[in-house]
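Just so it is clear, none of the values below were taken in a lab; they were calculated from the coordinates. What you see is a predicted model; the values in this text were computed from it and never measured. Counting neighbours? That spans all protein chains shown, and the Cβs are built from the backbone with ideal geometry, glycine included.
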Number of protein chains: 2
Amino acid sequence: MTRDHQTVVDGVLAGDPRAIARAISLVEAEGEAAAEVIKGVFHRSGRAYLLGVTGSPGVGKSSLVDQLVRAARREERTVAVLAVDPTSPFSGGAVLGDRVRMQAHTGDAGVFVRSMATRGELGGLARATGDALVVLDAAGFDLIIIETVGVGQAEVEISRRADMTIVVTMPGAGDGVQALKAGVMEIADLFVVNKADHDGADRTVAEIATMLGLASYGPQVWRPPILSTVATEGTGVAEVMRTVDAFRAHDSADFGRRRRLRLETRVRQLVSQHLLRHVEQHGLEPRAFAGILDRVVATDLDPYTAAEHIVSGALGPQAQRSDIG
Amino acid sequence: MTRDHQTVVDGVLAGDPRAIARAISLVEAEGEAAAEVIKGVFHRSGRAYLLGVTGSPGVGKSSLVDQLVRAARREERTVAVLAVDPTSPFSGGAVLGDRVRMQAHTGDAGVFVRSMATRGELGGLARATGDALVVLDAAGFDLIIIETVGVGQAEVEISRRADMTIVVTMPGAGDGVQALKAGVMEIADLFVVNKADHDGADRTVAEIATMLGLASYGPQVWRPPILSTVATEGTGVAEVMRTVDAFRAHDSADFGRRRRLRLETRVRQLVSQHLLRHVEQHGLEPRAFAGILDRVVATDLDPYTAAEHIVSGALGPQAQRSDIG
């Protein structure tokens, strides 16, 4: 390990905010440095509780997260917030906004806030998010809140990283039915109807209850509660925190199972990545790849057969027959 | 190839709707059958124009797509619609809705409609969407409309499969700014403000124009137009079609580049998949993998080192040093 990366690792384990920020930047870049950081800090991970907060833009997720941070701090729990945002090339607005918003906690060493943005494909963000959670976990935060922007499939993917997921909505805007359509109902362990002082809050609660009523739950199964909040005023936030703790107590058996599944996914991703790199270094000479690709573009060769050629070139012909399919 | 799959391939190449539907189900399952179907039909692909239509739920994408189908049919172009939806375990509502909606075109052999839903992780949907587009392309459709639900990162990912992307929005609901936040501005080749008879349509157009104004475009660069429609009445749809054709003409140089990039991504995915399968068959005995995973769960071993062990076991120790990083 380079001395620089060792310093970062030591800093993360000591809970130094600058080292944590640097470590997250390194895992975002997904290179050798990411591997070194995770190798260095992983043995101290596995203790934090990961709470996902998702919902459409504008429903007040940020205010709710801010209140949850305050509530956790009142109980002397340390909190990290990881705000996962897509990037626009037109502005760094979303990222900047999250930082500005959390400045209320500046100076409190028990709170750490970080935004992560999509630069390339979604898979990269999901991988980097997983590693960033390991960094924050190893840094000793009791609670890590993963806030996502929007309610798309990306958010569903990222919510799989959490131990519990809160889906936030608000009265009106057809959010009840639209949330169903966007496929987020299935990931909710708790629904929060924020801006509950707006007209139609009761109807939104009723709509969600109706949709949940369509699903069948076994006797031992957690049925997602529906809570109302006015996050800007702190109303209802204590009940949200109590429900988070209740779910955590209820769910202790599943907690380990989910963590194992997350780690399995991560190991498989890394295996796949290493193998691809092996092929690129040993079997996939750039000009040869371009030549194969030319034939695919000309529709002389289909992508599946092209991949078989490449794999068999990299592993030797004995690998080809048994691997394809 | 099995006789059944050969029949499917022949049917797709003959443009038979039932064979096309079956072929898409096969590629959704991502197994040996998917490989056989794509191998059989790929040589006839590469002719269709792929038009992505995305935007928040409720803005009227479905109505607009329906009108675009009608407009294309008036010009005697054949059209396939691939509606890509996340699934909810609570109902098949979204998928069903899309099917019901397009029944207007039942009996017109020049129109094919299909919904695809997320079953597992997003990557699977993206891969299957790519293969489904190859099937529809090989079946001879002139225009393929890829309609996505929502404006998340998933949609950005899927829009990369399209030759052109229309971002649909509507007056109010803060959609202008929220669309920016969700990172969809960068993927738009054309903005459509639908429900333009609603209050605030002019403001929405102005907001988008302002945001576009912040970006700089070179003299030869396509600046996304902003059009207004009332899709339920067909108002403005002809202009949308004209703009699609104008973009296509403008973009002919980039068309080939984008297609090459898509195919390159697909080949790399398949190579990676084959290699992972190789490891699972030759180097990753299930009990050994479970043992390694146990150590990761116990934080005795980090995921990166675990992946290195697995890869070196599968490829032999000489592969280890050079691949890792």
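Here are the numbers:
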{"read-out": "Residues B:R114, B:R259 arranged by fewest to most Cβ contacts within 10 Å", "value": "B:R259, B:R114"}
{"read-out": "Length released on extending from B:R77 to B:A206, taking residue separation times 0.36 nm less the Cα-Cα span", "value": "43.1 nm"}
{"read-out": "For region B:294-311, Karplus couplings with θ = phi - 60° (6.51, -1.76, 1.60), whole Hz, Gly/Pro x", "value": "3, 5, 5, 4, 7, 6, 7, 9, 8, x, 5, 5, 4, 5, 4, 4, 5, 5"}
{"read-out": "Inter-label distance, nm, simple model (7 Å from Cα along the C-beta direction), B:R258/A:Y217", "value": "4.5 nm"}
{"read-out": "Residues with amide H under 5 Å from that of A:S228, placed H, sequence gap 5 or more", "value": "A:V193"}
{"read-out": "Other-copy label distances relative to A:T7, 7 angstrom Cα-Cβ extension, nm", "value": "7.0"}
{"read-out": "Using a 7 Å Cα-to-Cβ projection, A:A298 label spacings across copies, nm, ascending", "value": "5.7"}
{"read-out": "Order of B:T299, A:T54 - criterion: other Cβ atoms within 10 Å of each residue's Cβ, fewest first", "value": "B:T299, A:T54"}
{"read-out": "At 7 Å out from Cα toward Cβ: B:A249 inter-copy label distances (nm, ascending)", "value": "7.0"}
{"read-out": "Placed amide H near A:Y49: partners under 5 Å, 5+ positions off or other chain", "value": "A:L143, A:I144"}
{"read-out": "Exposure proxy order (Cβ contacts within 10 Å, fewest to most) of A:E147, A:E239", "value": "A:E239, A:E147"}
